[in-house]
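Engineer: Okay, here's the structure, questions in a sec.
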Amino acid sequence: MKHNLISKITLCGLLFTGFFANAQKTTLEVDVTKSITKIQPTMFGLFFEDINFAADGGLYAEMVKNRSFEFDKPLMGWEQPNTKRLSQNKQSGYATPINILENKTNPNFCRVLVNDDKGYALVNEGFRGMGVKKDAKYNLSLKAANHDGAIKKIIVQLIDKDKKVLGETSIIPTSNAWKTYSAQFTATQTEAKAKLKITFEGTGTIDLDMISLFPEDTWKNRKNGLRKDIVQLLYDMKPGFLRFPGGCIVEGRTLADRYQWKNSVGEIENRKTMINRWNVEFPKKQTPDYFQSFGLGFFEYFQLSEDIGAAALPVLSCGMACQYNTGELAPIEELDPYVQDALDLIEFANGSEATAWGKLRSDMGHPKPFNLKYIGVGNEQWGPDYIERYKVFEKAIKAKYPKIIIVSGSGPSPDGEYFDYGMQELKKLNAELVDEHYYKSPQWFRDNATRYDNYDRKGPKVFAGEYAAHSTIDNNLITKNNWESAFSEAAFMTGLERNAEVVHLTSYAPLMAHEEAWQWAPDMIWFNNLEAYGSANYQVQKLFATNKGTDLLAITNDGKPLTGQNNLYASAVKDVNTKEVIIKVVNTTATEQEVTVDLKGSKLESKGTVITLASPNLTDENSFATPKKIIPTESEYKLKGDKAPMNLPAYSVTVLKLKLK
């Protein structure tokens, strides 16, 4: 993720003008028998970063904000709405944060004094509220130490804005010492802005910690797991890989607040909460309540990758804080702990139960290795300092794990001094995979469909790790997931696919955003407390990812690749597993176009399938009101001999699938 958003781009105001009888006609040729290169299974994947409340408040289904009172302001997210004064010196009750310094990872708890059990309550606001659904079950857990048995019962309710009770359960605290309690209740109605209210029977003091609420219906029904609807959107893409945990999250504003994977594994309550670096990054979109509980940690990332059939691609700090912030450097002579983190991570993912980190993975519920193949060193660092540190990591990783593929970075931009220097140096080092990032205008993406045509086939392979077409490029962050951005990305993606010999991994960024708590836009998936939908950009990514094929074929117009001639872009693949030829064509004009594909070589079945993704206006977009405004339509296609004529709608992405005999 970058901060140096460039100059403002004004969208051309082209509107859909209808289909013209004299539509442009283009003939394409495909030799079905000649495979150019294999397409990597990782060709189209996902990039996850904890930005826009994507983890806590999003993918991680925890509904209580600041559940263990570890935010910088320990009672942030908690209200005491009906505290009242009983007398001049006495209130109905109050909560006091207590800090136990010897507990390094979870030092705070909440001590509640209840003077009037009819008048005191503690209320959690959730992540912009709590989304609850009628008849759905919710699992509550908390830790309590009941001093002298003073509190007889803890009553827990879900309430709406009018304080109407939407579900209720209770707990009998039976121990003076810390003890974990759990209960379940069912919501009586659907509400996006519910809150969790805790009241008490009895008077006296009780200590509370790790107050947690999860829906029972999570992904794969895992207790205290992930939001099912969001993971389903990821699963449906059939992604080739999952890159995590970022992004600038990896780097941190300083080295002290970088992402340290070892703090994100083990028992949930022992994972140290820390401020999220996007908390105050953007002056116009500050979110002071944005923290990381690490309930979604590296074990969960690996597990999610496995669940959705994606290769895991973790990225670690290389000893450089974000160069847009402090740019703090770990001296080379003090780099050993950072390198050891990388080596230990590989052991955590792939080591046997006889190893220390492999045993921890097993103890967490996954005895078998995760079969990690990739590791990223740094996010988008640049300059000599990065190259110097990359060399240290490469030497150490390859010495112990020679088969691990290392992902290096070319900096924050697709061109310029930083990029040129990085690529030059990484080529000298015979780097395996170089991560390139670009956030540009839709026109840039259409103009750069040939970007990789002339890349050295013997040089480093490319990971297009972060890209998105921004409808408005400025620092106001108001850019939209509109249709022009989406089909322009599709045009560019035909170039990625056409250069599969060089391009091995690609991913849109960022992946997801909360409707009311985002810092950066556009984003591929949007969600609120009840719903999630895929943007038009998501639909493009899904269309390519689920139709990537196994072998690249040449598709030409007058002997040349179709890279914008007549405002058309095309790629072709063969899938040896499904025995299909798959042709993708993008029409970026406001008029219908006629294309005929001349298929040479292998015989094809007469019936096939055509999938069309189209919308008449450049500014069209999916939304919570119309989540399916731009979605693919599928119909049967009848082949005429060895020629496949197609009418391409204005502003469209078309996928033709034909079965090999």
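Coordinate-derived values only; no laboratory data. None of the values given here were measured: they were computed from a predicted structure. Every residue, glycine as well, gets a Cβ built from its backbone with ideal geometry; the counts of neighbours run over all protein chains shown.
Engineer: With every atom except the alpha carbons ignored, what do you get for Rg and Dmax of the chain, in angstroms?
Structural biologist: 27.0, 93
Engineer: Across the range 278-331, what fraction of all alpha-carbon pairs, as a whole percent, falls in each successive 5 Å bin from zero upward?
Structural biologist: The percentages, shortest bin first, are 5, 14, 13, 15, 20, 19, 11, 3.
Engineer: Only Cα pairs under 8 Å and at least 6 apart count here; give the relative contact order of the range 461-542 as a rounded whole percent. Show your work: numbers first, answer last.
Structural biologist: Values: 127 pairs, mean separation 27.9, N = 82.
Result for the range 461-542 is 34 percent.
Engineer: Compute the angle between helix 336-350 and the longest alpha-carbon principal axis of the chain, please, reported from 0 to 90 degrees and rounded to the nearest 10.
Structural biologist: With rounding to tens, the tilt is 80 degrees.
Engineer: Right, another one. Using the alpha carbon gyration tensor of the range 171-320, what are the three equivalent-ellipsoid semi-axes (square root of 5 times each eigenvalue), largest first, in whole Å? Let's see the in-between values first.
Structural biologist: On the way: eigenvalues 195, 98, 57 Å².
Gyration-tensor ellipsoid for the range 171-320: 31, 22, 17 Å.
Engineer: Report, ordered by chain and residue number, the lysines lying within cross-link reach of Lys400, taken as a straight Cα distance under 26 Å and ignoring same-chain residues fewer than 8 apart.
Structural biologist: In chain and number order, the partners are Lys262, Lys359, Lys368, Lys373, Lys391, Lys427, Lys428, Lys458, Lys461.
Engineer: What ranking do Phe463, Phe291 get, fewest neighbouring Cβ atoms within 10 angstrom at the top? Please list the in-between numbers first.
Structural biologist: Numbers: Phe463 30, Phe291 21.
Going from sparsest to densest Cβ surroundings: Phe291, Phe463.
Engineer: To the nearest 10 degrees, how steeply does helix 483-498 sit against the main Cα axis of the chain, on a 0 to 90 scale?
Structural biologist: Around 60 degrees separate the two axes.
Engineer: Apply the Karplus curve 6.51 cos²θ - 1.76 cosθ + 1.60, θ = phi - 60°, to the phi angles in the range 245-259 and return the couplings in whole Hz, x for Gly and Pro.
Structural biologist: x, x, x, 4, 4, 4, 6, x, 5, 10, 5, 5, 9, 5, 6
Engineer: How large is the convex hull of the C-alpha atoms of the range 444-588 per residue, in Å³? Let's see the in-between values first.
Structural biologist: Numbers: hull volume 18.7 nm³, N = 145.
Measuring per residue, one finds 129 Å³ for the Cα hull of the range 444-588.
Engineer: Let me ask another. Out of all DSSP beta bridges in the range 67-171, what portion is antiparallel? Express it as a percent rounded to 5. The partial results should precede the final answer.
Structural biologist: Details: 17 of 18 bridges.
So the antiparallel bridges amount to about 95 percent of the total.
Engineer: Distance check, please: which entries in Lys65/Lys179; Lys152/Lys220; Lys440/Lys542 exceed 31 angstrom between their Cα atoms?
Structural biologist: Details: Lys65/Lys179 21 Å; Lys152/Lys220 36 Å; Lys440/Lys542 21 Å.
The pairs that break the limit, which is 31 Å between Cα atoms, are Lys152/Lys220.
Engineer: Could you quote the convex hull projected area for the range 518-568, Cα atoms only and averaged over all directions, in nm²? Show your work: numbers first, answer last.
Structural biologist: Details: hull surface 23.5 nm².
For the Cα atoms of the range 518-568, the hull's average projected area reads 5.9 nm².
Engineer: May I pose another question? So if R0 is 51 Å, what FRET efficiency would Lys661 and Lys262 give, r being the distance between their Cβ atoms, rounded to the nearest 0.05? Provide the component values of the computation, followed by the final result.
Structural biologist: Details: r = 55 Å, r/R0 = 1.08.
According to the calculation, E is roughly 0.40.
Engineer: Sort Thr287, Thr96 so that the residue with the fewest other Cβ atoms within 10 Å of its own Cβ comes first and the one with the most comes last. Before the final figure, lay out the partial values.
Structural biologist: Numbers: Thr287 19, Thr96 13.
The most exposed by this proxy come first: Thr96, Thr287.
Engineer: Calculate one ³J(HN,Hα) per residue across the range 54-62 by plugging θ = phi - 60° into the Karplus curve 6.51 cos²θ - 1.76 cosθ + 1.60, and present them in order as whole Hz with x for glycine and proline.
Structural biologist: With the stated coefficients, the range 54-62 comes to 6, 9, 5, x, x, 4, 6, 7, 3 Hz.
Engineer: Taking the DSSP beta bridges in the chain as the whole, what percent of them are antiparallel, to the nearest 5?
Structural biologist: On the way: 106 of 146 bridges.
Taking every DSSP beta bridge with both residues in the chain, the antiparallel ones total about 75 percent.
Engineer: Just round it to a whole percent: the fraction of Cα-Cα distances in the range 476-533 exceeding 17 Å. Kindly include the intermediate steps, with their values, before the conclusion.
Structural biologist: Values: 821 of 1653 pairs.
So the portion of pairs separated by more than 17 Å is 50 percent.
Engineer: Which semi-axes, in whole Å and largest first, does the equivalent ellipsoid of the range 347-427 have when worked out from the alpha carbon gyration tensor as the square roots of 5 times its eigenvalues?
Structural biologist: Numbers: eigenvalues 211, 30, 17 Å².
Its equivalent ellipsoid spans semi-axes of 32, 12, 9 Å.
Engineer: Between helix 384-400 and the chain, what is the angle of the helix's C-alpha long axis to the longest principal axis, kept within 0 to 90° and rounded to the nearest 10?
Structural biologist: For 384-400 against the chain, the angle is about 90 degrees.
Engineer: What Kirkwood Rh does the range 139-200 have if only Cα atoms enter the pairwise 1/r average? Answer in Å. Working shown, then result.
Structural biologist: Details: mean 1/r = 0.0804 Å⁻¹.
That comes to 12.4 Å for the range 139-200.
Engineer: Viscosity 0.692 mPa s, temperature 37 °C: give me the Stokes-Einstein translational D for the range 78-215 in µm²/s, with Rh taken as the Kirkwood radius over C-alpha pairs.
Structural biologist: Calculated translational D: 212 µm²/s.
Engineer: A further question on this structure: State to the nearest 20 debye the size of the charge dipole of the range 78-215 about its Cα centre, where the only charges are +1 on K and R beta carbons and -1 on D and E beta carbons. Let's see the in-between values first.
Structural biologist: On the way: 20 positive and 14 negative charges, 56 e Å.
Rounded to the nearest 20 debye, it is 280 debye.
Engineer: If r is the Cβ-Cβ distance from Asp341 to Phe282 and R0 is 35 Å, what FRET efficiency results, to the nearest 0.05? Could the numbers behind the result be given before it?
Structural biologist: Numbers: r = 29 Å, r/R0 = 0.82.
Once the sixth-power term is evaluated, E becomes 0.75.
Engineer: Percent of alpha carbon pairs in the range 162-255 separated by more than 16 Å? Walk me through the numbers on the way to the answer.
Structural biologist: Working: 3231 of 4371 pairs.
Result for the distance tail: 74 percent.
Engineer: Tally Lys/Arg at +1 and Asp/Glu at -1 over every other residue whose Cβ is under 15 Å from the Cβ of Gly559; what's the total?
Structural biologist: Numbers: positive: Lys34, Arg498, Lys560, Lys600; negative: Glu29, Asp31, Asp453, Asp558, Asp598.
Taking every other residue near Gly559 into account, the sum is -1.
Engineer: Compute the signed sum of charges (Lys and Arg +1, Asp and Glu -1) over the other residues within less than 14 Å, Cβ to Cβ, of Asn577. Don't skip to the end; give the middle numbers.
Structural biologist: Numbers: positive: Lys38, Lys238, Lys548, Lys574, Lys579, Lys657, Lys659; negative: Asp551, Asp575, Glu580.
Net charge around Asn577: +4.
Engineer: Once you list every other residue whose beta carbon is under 14 Å from the beta carbon of Thr186, what net charge do they have if Lys and Arg are +1 and Asp and Glu are -1?
Structural biologist: Details: positive: Lys133, Lys134, Lys137; negative: Asp135, Glu168, Glu191, Glu216, Asp217.
Net charge around Thr186: -2.
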